[in-house]
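In what follows, a single structure is set out as structure tokens and then discussed.
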Amino acid sequence: MGKSTHPLSLGARPSALWLLAAIAVVLTALTLLWPRPTGGPTPQGPMGGSAPQITTGESEGTAAGYQSAVEELMLVLAKARADPNGVQLLGDVDLSRALAFSAEVLNETALSINGSVYRYAIVRARGPGLEFEPREVEAGGISVAALPAEGTATYTGGRPYRYSIRYGGREHNITLWDIPFTAAGFKATVNTGEVGGDLYWAEITAGSEEIWLVLGR
């Protein structure tokens with residue numbers, strides 16, 4: 001009987017093993033040489049949005065300051081909710097009421113008001129040990145930049161703060177007022193208004209604590 005020439009015979013095995021070894025070497029080399037991405041991942045905020053971006057101003061306009069402002073927002077809303085009869089509602093009263101009594105902070109860029117999700121950016125926050133007032137802030141797709149004061153005009157009873165807002169492909173300019181006596185006689189005050197379209201502003205105070213927001217739907 002002659003030798004078998006079947007491909008799985010003993011005589012054919014060394015060639016097959018060498019072929020498999022060569023393929024393994026090539027695959028290993030390709031794996032080692034394949035280009036890898038450099039740098040870490042882009043920080044992502046909750047719900048897939050970019051994490052808040054802050055440009056430092058004269059006050060604590062930092063990422064840590066923004067996180068403290070978010071915590072202050074939650075605290076101020078809790079104080080307002082603790083005593084509904086002590087809350088003064090101004091501006092768009094329906095929105096002010098909904099913000100005061102139904103708002104839930106979902107994360108650093110979004111909150112829920114009456115079950116509807118709003119994007120938000122904090123543009124000013126004051127409280128014990130906190131003075132957050134960035135030159136620019138971008139959160140939840142809302143970009144806000146503080147504008148310089150107009151001339152040297154002075155105003156009785158308050159100070160104007162001007163902002164440029166970009167949201168949804170549109171740009172708006174608004175003026176918010178720091179009026180200390182607004183909350184006199186109330187434990188908290190919620191003042192809101194429409195900027196334009198699906199964009200709103202809000203000022204919330206509770207004692208010495210104060211939060212200014214820009215809200216987008």
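All of the numbers you see were taken from the coordinates with simple rules; none came from a lab. As the structure is a prediction and not an experimental result, all values here were calculated from the model.
Things worth noting here:
- Between Ser116 and Asn85, full extension at 0.36 nm per residue minus the direct alpha carbon distance yields a gain of 8.7 nm.
- Sorted largest first, extent of segment 102-146 alpha carbons per principal axis (Å): 30, 25, 13
- Directionally averaged shadow of segment 73-124, computed from the convex hull of its alpha-carbon atoms, nm²: 3.8 nm²
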